[in-house]
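Novice: So that we are looking at the same thing, I have put the structure below in structure tokens.
Nothing in this text is a laboratory measurement; each read-out follows from the coordinates by a stated rule. As the structure is a computational prediction, the values presented were derived from the model and not from experiment. Reconstructed Cβ throughout: ideal geometry from the backbone, glycine too, with neighbour counts over all protein chains shown.
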């Protein structure tokens, strides 16, 4: 590696560190773990990790998978509806994924089922208060420190309602569900710091949040 290239990387990293100290911001990335069923039943759990990016391993890639953040983040467990619901086998646009969602609500009117259009497929999520962990509601409204956090934070989440929903949608016999953890890291909002603690839902102001998908796990 030419000396000037190495020095460029060192100087860029030093400049970023100094800027982070001055602004009290950090460049962070988020990772989504696999969904597992530790007891072999419908009791599921997963995790997400917040950490500084491995800058010196691949500076260019690191810049694409990280952003300036205070650590406001969250993750949800999603189920692949396209694999089991014939009506959603080949969705043509995101709005189709919202068809047929249960109208059940949870702890408040905004705690509902939700749909996601990812990779040309429809994924659905049960009640957010059950299938998600977010800094705005599960960490006292504070950003997360660097580390790994469970989804749910402790124990497991029973997904019987999701298996019943897939059966209602057309799944037959003894079927399995493709599960995935969908994690999101909020960027620093330069115009309004108080919004940094908000979750990643809705239409955020620029810059866009960082979304990461975990590996797909098939569970009966």
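Novice: Could you work out how far apart the two model spin labels at residue 137 and residue 208 are, taking each label as a point 7 Å from the Cα in the direction of the beta carbon, and quote it in nm?
Specialist: Here the modelled spin labels are 2.4 nm apart.
Novice: While we're on this one: Rounded, prolate or oblate: pick one for the range 26-219, where a ≥ b ≥ c are the square roots of the eigenvalues of its C-alpha gyration tensor, a/c under 1.5 means rounded, and failing that, prolate if a/b is larger than b/c, else oblate.
Specialist: Numbers: a/c = 1.67, a/b = 1.64, b/c = 1.02.
In terms of gyration-tensor shape, prolate.
Novice: Report the extension gain between residue 65 and residue 96 in nm, rounded to one decimal, defined as 0.36 nm multiplied by the number of residues separating them, less their alpha carbon distance. Kindly include the intermediate steps, with their values, before the conclusion.
Specialist: Working: separation 31, 0.36 × 31 = 11.16 nm, distance 2.90 nm.
Full extension of this stretch gives 8.3 nm more.
Novice: Can you give me the distance in nm between label points at residue 145 and residue 39, each placed 7 Å from the Cα along the Cα-to-Cβ direction?
Specialist: Using points 7 Å along Cα→Cβ, the separation is 3.0 nm.
Novice: Now for a different question. With a 10 Å Cβ neighbour count serving as the proxy for reagent exposure, in which order, fewest first, do 82, 90 appear? Spell out each step's value before the answer.
Specialist: Working: 82 22, 90 11.
The order, fewest Cβ neighbours first, is 90, 82.
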